[in-house]
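Participant: Structure below; questions to follow.
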Amino acid sequence: ALFIILAIASDNIFILFDAWKQSKAIEEYEGNLRRRISFAFKRANKSIAIASLSTAAALFSCLFSKIMPIRAFGVYSGIIVLVNYILIIALMPPLIIFTRSICPTDSVKDLAKSYRRIHAARNSLGEL
């Protein structure tokens, strides 16, 4: 179940982040994080919801099995897929905005530099 949920979660994050990157190309959203994340959320939510609900339904179909471990796996995995959907929808938009506030560019190198700068500042505060 762990590998299934890791694959689904990474796919959902990719879909949402790809929609975020697409929103950068729309001129009317330039400089407006709220409108960009709203566009990305609306664009990605439908496909994430359909994928998560269809996967959960397929896993819940294991309830019809007469073999108890398969039935338990289906229920557990189906619930985890639904919880994953809720967590992705609730946590990823604020995380994207938070990351954007730390590093205003989409460059991975700039993001790494920003994290190193924050880490260095935190370490220097700990030394005081």
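Participant: Could you tally the net charge around GLU30, taking each other residue with its Cβ under 11 Å from the Cβ of GLU30, Lys/Arg +1 and Asp/Glu -1?
Facilitator: +1
Participant: Test of understanding: what is the full-extension gain from ILE26 to ARG116, defined as 0.36 nm times their sequence separation minus their Cα-Cα distance?
Facilitator: That pair, ILE26 and ARG116, stretches by 29.3 nm at full extension.
Participant: How far is it, in nm, from the label point at LYS42 to the one at ASP18 when both lie 7 Å from their Cα along the line to the Cβ?
Facilitator: 2.0
Participant: Here is a further query. With the cut-off at 1.5 for a/c, could you classify the chain from its C-alpha gyration tensor as rounded, prolate or oblate?
Facilitator: oblate
Participant: Say the cut-off is 27 Å between C-alpha atoms; which of LYS24/LYS113; LYS46/LYS113; LYS21/LYS46 go over it?
Facilitator: LYS46/LYS113
Participant: May I pose another question? Pop a pseudo-label 7 angstrom from the Cα along the beta-carbon direction at both ARG34 and ALA7 and give the gap in nm to one decimal.
Facilitator: 4.0
Participant: Could you give the nm distance between label points at ILE102 and SER54, where each point is 7 Å from its Cα heading toward the beta carbon?
Facilitator: Spacing of the two 7 Å Cα→Cβ label points: 3.4 nm.
Participant: Could you give me the ³J(HN,Hα) list for segment 71-84, computed from phi with Karplus coefficients 6.51, -1.76, 1.60 and θ = phi - 60°, whole Hz, x at Gly and Pro?
Facilitator: 4, 5, 4, x, 5, 4, 5, x, 5, 5, 5, 5, 5, 4
Participant: May I ask for the angle, rounded to the nearest 10°, between helix 108-127 and the longest principal axis of the chain, with both axes built from Cα atoms and the value confined to 0 to 90°?
Facilitator: That helix lies at roughly 80 degrees to the long axis.
Participant: Dipole size in debye (nearest 20) for the chain around its Cα centre, Lys and Arg Cβ +1, Asp and Glu Cβ -1? Before the final figure, lay out each step's value.
Facilitator: Working: 16 positive and 8 negative charges, 17 e Å.
Around 80 debye, computed over the chain.
Participant: Which angle from 0 to 90°, rounded to the nearest 10, does the C-alpha axis of helix 2-23 make with the longest principal axis of the chain?
Facilitator: 40
Every number in this text was worked out from the coordinates using simple rules, so none of it is lab data. Keep in mind the model is a prediction, meaning the values are calculated, not measured. When we count neighbours, we look across all protein chains shown, and the Cβ atoms used for this are built from the backbone with ideal geometry, even at glycine.
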